[in-house]
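Just so you know, all these numbers are worked out from the coordinates, no wet-lab data involved. Here the structure is a predicted model, which is why all the values come from computation and not from measurement. Virtual Cβ from ideal backbone geometry, glycine too; neighbours counted across all protein chains shown.
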Amino acid sequence: MRFFQRAGLITTIAISALLSSYSAAQQATIAAASDLQFALEEVRKQFTSDTGKQLQVVYGSSGNFYRQISEGAPFQMFLSADETYVQQLAHAGLTADDGALYALGRLAIITPHGSSLTADADLAGLRAALNAGTVRRFAIANPEHAPYGRRAEEALRHAQLWEALEGKIILGENVSQAAQFATSGSAQGGIIAYSLALAPNVSRLGQYAVIPQEWHAPLRQRMVLLNQAGEDAQAFYAYLQSAPARAIMSRFGFTLPQAD
């Protein structure tokens, strides 16, 4: 699945190598939650077209990026899927300020073509398939460090399906890898970010439905400039709060905070 190639399992060694090459090129290095893989790429391309400025974005789980930044990884900006990570970095004195809320995320259940279960908002299809014994694997992001994984677990517990899925859950390192598992035939389906389900390269692989936001804690997504942020990162941070960037984010299913 080429369109997931930058958001799969990224080891610390691989990230260090990437950051070294980015530093050598003197480009701003941005750490971004993997639910942003498609939306932020469009924003980045538009930013470069509008400003002429180049920057590099690495996608992964917010929890892993939090740990890497805490340990000194030279990112200049962090877009987290859980604002708590940004707040903790700010408390540790590693950021320029408290950052800004840039979006509210949503969950979606997705099933590949030919799956034994149906994608519907109230997860009735998943319940029916579990009762019929036709679900072997179901994908979510790892709740230990991926915000979308934690919210997926909350939604499944709300629907009283978590225990029924015991032994059948396969965990993606991040929500993008969970989407790969859920659509590639490795699982009968999964719960992923709505922003990924909306991307044409993903939506063509199956069916999806948005899960009620009342079933889980809000996915409050916050971004922040880190202490080493340069001019290009600062410009991108401001650009993400502009009308062109907000229009792209909205198109990918994100609820946007009120503009100033």
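Descriptive notes on the structure:
- Any hit, region 215-233, residues being under 23 Å from Q54 (Cβ atoms), of a type in the set (F, W, Y) and more than 18 Å from the chain's Cα centre (by Cα): no
- Checking each residue in region 73-122 for being closer than 30 Å to L161 by Cα, within 17 Å of the chain's Cα centre (by Cα) and not hydroxyl-bearing (S, T, Y) picks out A81, D82, E83, A103, L104, G105, R106, L107, A108, I109, I110.
- Failed item, numbered, when I248 is tested on (1) surrounded by fewer than 22 Cβ atoms within 10 Å (Cβ to Cβ); (2) closer than 30 Å to E71 by Cβ; (3) out of contact with any strand residue (DSSP E or B) (no Cβ under 8 Å at 6 or more places or on another chain): (2)
- In region 129-177, the residues that are in a helix (DSSP H, G or I), over 16 Å from V210 (Cα atoms) and within 15 Å of the chain's Cα centre (by Cα): P147, R150, S176, Q177
- Pairs where the first residue, in region 142-168, is under 23 Å from L196 (Cα atoms) and the second is in a loop (DSSP other than H, G, I, E, B) and among the polar types (S, T, N, Q), C-beta under 6 Å, 6+ apart: H145/S61; A146/S61; A146/N174; G149/N142
- Residue selected from region 110-157 under the condition out of contact with any strand residue (DSSP E or B) (no Cβ under 8 Å at 6 or more places or on another chain) and polar (S, T, N, Q), by the criterion surrounded by the fewest Cβ atoms within 10 Å (Cβ to Cβ): N131
- When we screen T51, T29 for residues that are surrounded by 24 or more Cβ atoms within 10 Å (Cβ to Cβ) and more than 26 Å from A217 (Cα to Cα), the only hit is T29.
- Conditions (1) part of a helix (DSSP H, G or I); (2) within 23 Å of Q213 (Cβ to Cβ): number failed by N201: (2)
- Matching option when the condition is surrounded by fewer than 22 Cβ atoms within 10 Å (Cβ to Cβ) and either of a type in the set (A, V, I, L, M) or not in a loop (DSSP other than H, G, I, E, B) (or both), among Q234, Q180: Q234
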